Amino acid sequence: ETAVFQTPNYHVTQVGNEVSFNCKQTLGHDTMYWYKQDSKKLLKIMFSYNNKQLIVNETVPRRFSPQSSDKAHLNLRIKSVEPEDSAVYLCASSFWGANQDTQYFGPGTRLLVL
Amino acid sequence: GDSVTQTEGPVTVSESESLIINCTYSATSIAYPNLFWYVRYPGEGLQLLLKVITAGQKGSSRGFEATYNKETTSFHLQKASVQESDSAVYYCALSNMGYKLTFGTGTSLLVDP
């Protein structure tokens, strides 16, 4: 049963364009994340937000900017995409805290930059 | 920084045989991280398989088991008898109190019927 929703499922664009991905969770969690899965299937954290506050920013290029309107939504905007941005972007959510930090993942948004 | 190393795949096992996928971790941001196994079945999203938050404890789910060993910093995934439906990609991960998950590279498992 899906509780972390991502749109779009798939997006094809050209170098230099701007793209935005949306993520919404219905689990009542207070913390949300964006991960990038590259062509080698390696999953790496990009951003973490707790109660709409940025708490982790892992050396992500400045063309990436997360946007959180409330605890249930965390969007990702990429200004001027580059070929190396082609990847699957996974959104996740959890409760904050050492014993509550199981993360639940969305289905992912696959980005192809031509 | 934190890191996770796991068995490199693909791993092929015959149905009803036993399985072990090795996972070792290095946590610099926290002494005793929470440890996880996530799984992605074909055509599905990443989902939690099992989680252990206390050193020395064992987690189990769907016939899989993993024990949190702080001495060897390991969290190996084991199953006594695999089924074809276990074919999937398995990820070992650690959490530093909710800030983020650090994943291994994933192990693709194929179970021959």
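Restricting attention to segment B:41-85, which residues are open to solvent by less than 50 Å² (accessible area, probe 1.4 Å), under 14 Å from the mean Cα position of the chain (by Cα) and touching a residue at least 60 places away in the same chain (Cβ under 8 Å)?
B:79
Starting from residues that are buried (at least 20 other Cβ atoms within 10 Å of the Cβ) and within 12 Å of chain A (Cβ to nearest Cβ), keep the ones in segment B:18-39 and report whichever is farthest from residue B:3 (Cα to Cα).
Going through the qualifying residues, I end up with B:39.
Scan segment A:85-101 for residues that are in contact with a strand residue (DSSP E or B) (Cβ under 6 Å, 6 or more places away or on another chain) and either assigned to a loop (DSSP other than H, G, I, E, B) or within 18 Å of residue B:41 (Cβ to Cβ) (or both) and jot them down.
A:86, A:88, A:90, A:92, A:96, A:101
Six or more apart or on different chains, Cβ under 6 Å: which pairs go from a residue in segment B:4-19 that's free of Cβ contacts under 8 Å to residues at least 12 places away in the same chain and within 15 Å of residue B:86 (Cβ to Cβ) to one that's of a type in the set (Gly, Ala, Ser) and open to solvent by 80 Å² or more (accessible area, probe 1.4 Å)? Could you list them?
none
Test residue B:52 against the criterion of being over 17 Å from residue A:100 (Cβ atoms) and aliphatic (A, V, I, L, M), and give yes or no.
In short, no.
Residues of segment A:96-113 being more than 8 Å from chain B (Cβ to nearest Cβ) and open to solvent by 10 Å² or more (accessible area, probe 1.4 Å), which ones?
Selection gives A:110, A:112, A:113.
Assuming residue A:76 fulfils every condition listed in (1) within 14 Å of another protein chain (Cβ to nearest Cβ); (2) touching a Pro at 6+ places or on another chain (Cβ under 7 Å) apart from one, which condition is it?
(1)
Within segment B:88-101, count every residue that is open to solvent by 20 Å² or more (accessible area, probe 1.4 Å) and among the hydroxyl-bearing types (Ser, Thr, Tyr).
1
Here's a check for you: in segment A:4-54, which residue that is among the small types (Gly, Ala, Ser) and assigned to a strand (DSSP E or B) is surrounded by the most Cβ atoms within 10 Å (Cβ to Cβ)?
A:48
Evaluate the following for residue B:8: is it within 14 Å of chain A (Cβ to nearest Cβ), touching a Ser or Thr at 6+ places or on another chain (Cβ under 9 Å), closer than 30 Å to residue A:6 by Cβ and in a loop (DSSP other than H, G, I, E, B)?
Yes.
The values are calculated or read from the model by the stated rules, or taken from the named source; none is laboratory data. All values reported here derive from a predicted model rather than from experimental measurement. Because the Cβ atoms are built from the backbone with ideal geometry, glycine has one as well, and the counts that use them run over all protein chains shown. In case anyone asks, the SASA skips ligands and DNA or RNA and just uses the protein heavy atoms, side chains included. Shrake-Rupley method; radii C 1.70, N 1.55, O 1.52, S 1.80 Å.
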